[in-house]
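The values are calculated or read from the model by the stated rules, or taken from the named source; none is laboratory data. All values derive from a computational prediction rather than experimental measurement. Note that each Cβ is placed from the backbone with ideal geometry, even for glycine, and that neighbours are counted across all protein chains shown. SASA here: full protein model, heavy atoms, side chains in, ligands and nucleic acids out. Shrake-Rupley method; radii C 1.70, N 1.55, O 1.52, S 1.80 Å.
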Amino acid sequence: MSCGFSFITNRLGYCGIENSHREFSEFLKEPTEANAEKVKTLLESFIGLHSYLAFIAEQNDMQPFDREVIEAYWIGNELLEDIEGESFKEFVNKTLVEKGLLPERVARKKTENLPKKIYPHHSFHVLYMNFFTKKVESIPENLDKCLIKWGKVIEVNGNEAVVRSFNVVFDGKFFTHRAELKTENILFPDIKKNDNVAVHWNFISKKLDEDEVANLKKYTFENIDLANSRL
């Protein structure tokens, strides 16, 4: 799952070891045990992503690359429900600072007004923590592109697809409006009209079932509300 979501950010040059996306594509085509080990090593170079996975795993007595842990971060599931704000504050102020992802003063500011209950989902990172990399400016247009969006395919044309979904815009606060997204699709050649998909940086990163759509909606809207409450 992380291969699909991390493919586009690596190809764009934002995260991880250069050209890791080629290995991700190969793994999705042929998910062997040998390929899985290569992919895990490459994904560890996505320092921010791996830090979140390790944190969610630790809070649930699991391992960072367990499927449920990866799903919790990118899509959302019950593993996020028992994570307390205080634990996350420690993670930000200690782990993220020590790894050089955040300056100490920024970490303190980000955590000083957090509620007791938070969901450290990808949408939380994008909308509240913003980007760790300096390669992407934290402007609303980029935050919108980075969010994992759910939507239904309404047209397929070769390696492109139109997805009925939404955009997140900022006008004093974050809010959503419906949109038809022109997306690239090279990882899932069997995608067809009416399929549910996840879109990351205008790139189809995963096919979704109904439960995954429901979870992605739930945690994304929770974190839009959180981000708005802290503006």
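Scanning region 56-72 for residues that are open to solvent by 10 Å² or more (accessible area, probe 1.4 Å) and either part of a helix (DSSP H, G or I) or modelled with pLDDT under 95 (or both) gives Glu58, Gln59, Arg67, Glu68, Ile70, Glu71. Of note, Leu28 satisfies the criterion of being part of a helix (DSSP H, G or I), among the aliphatic types (A, V, I, L, M), open to solvent by 40 Å² or more (accessible area, probe 1.4 Å) and closer than 23 Å to Asn202 by Cβ. What's the number of the condition Pro115 fails, among (1) without any contact (Cβ under 8 Å) to a residue 24 or more places away in the chain; (2) touching a helix residue (DSSP H, G or I) at 6+ places or on another chain (Cβ under 9 Å)? Checking Pro115 against (1) without any contact (Cβ under 8 Å) to a residue 24 or more places away in the chain; (2) touching a helix residue (DSSP H, G or I) at 6+ places or on another chain (Cβ under 9 Å), the one that fails is (1). Remark: pairs (first residue in region 12-25, among the polar types (S, T, N, Q) and part of a helix (DSSP H, G or I); second residue modelled with pLDDT of 95 or more and buried (at least 18 other Cβ atoms within 10 Å of the Cβ); Cβ separation under 7 Å; 6+ apart in sequence or on different chains) = Ser20/Asn10; Ser20/Leu42; Ser25/Phe7; Ser25/Leu187. Could you grab me the full set of residues in region 133-164 that are touching a strand residue (DSSP E or B) at 6+ places or on another chain (Cβ under 8 Å), open to solvent by less than 70 Å² (accessible area, probe 1.4 Å), within 27 Å of Pro31 (Cβ to Cβ) and not β-branched (Val, Ile, Thr)? Those that are touching a strand residue (DSSP E or B) at 6+ places or on another chain (Cβ under 8 Å), open to solvent by less than 70 Å² (accessible area, probe 1.4 Å), within 27 Å of Pro31 (Cβ to Cβ) and not β-branched (Val, Ile, Thr): Cys146, Leu147, Lys149, Trp150, Gly151, Ala161.
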